[in-house]
Amino acid sequence: MPSVVAARQPTGHRARRGPRSLAASIASFLLAWLLVLAPGARAQGVEVLGLAATRGAETVALDYQLRVTLPRAVEEAAQRGVPLYFSASATLWKPRWYWRDDRLARVRREWRLTYQPLTSSWRVSQGGLGQSHPTLADAMGAMTRGTAWRVADAAAVDADARAYVEFSWELDTSQLPRPLQIGLTGVGGGGDWNLGLERTVQVSAPRAEARPEPRPDAARPEPKPEARPDARPEAR
């Protein structure tokens, strides 16, 4: 009999803890919904306004234009002095039916965004160059537009090859301050800080400019006879 009672004690113990576990689960569920519905907690996406890869006479170039709105948590961190790092990369691939696709070239760009509290401006640095912008929207525009970005030489792609480019743009959290990186690895996996996208685009040849064809019914002026220098006036 004692053995039966001892065997039932864990069951009764779990039964007593059941309501507490259920209450904790409900509380966690409500907390998660509050975080999602809180203002600024939902991460803003990255919208593609334009993306094209062309093979010209000398280069394979990429044109891109994005629209990015920083989430409130990211913007507030930048205004408090945390530098933000963004990167864009483009990889040129050649498809192969018998093996993995062949990677022909890869290029990368990096930007550093900082807030200047004395002038209330935003500074974008790339390499050893930097430029200040009066608003955050202007600063983001400088990092989300690219024209004729050289990916590879035109000779790297055959004229009849169906090459494609993998394009990516992201907020690089690996370059954030270490304490902030540790906080992002907790529950939620970064939340608003997971900002970026990946797209694939086919490489196309540039379109030839169409020239207007002459109208067949257009009246052409008749050529005038040229006067010969040795012609003499007829005698009357």
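Read-outs: derived from the displayed coordinates by stated rules, not from any lab. Fair warning: this is a prediction, and the values are worked out from it, not measured in the lab. In this analysis, Cβ positions are derived from the backbone assuming ideal geometry, glycine residues included, and neighbour counts consider all displayed protein chains.
Placing +1 on the Cβ of every Lys and Arg and -1 on the Cβ of every Asp and Glu, with no other charges, gives segment 67-182 a dipole of roughly 140 debye about its Cα centre. Here the residues T173, T200, ranked from fewest to most Cβ neighbours within 10 Å of their Cβ, fall in the order T200, T173.
Short-range pairs are left out: with C-alpha atoms under 8 Å and at least six residues apart, the relative contact order of segment 52-204 is 32 percent.
Full extension of the chain between E166 and Q131 yields a length gain of 9.8 nm, computed as 0.36 nm times the residue separation minus the alpha carbon distance.
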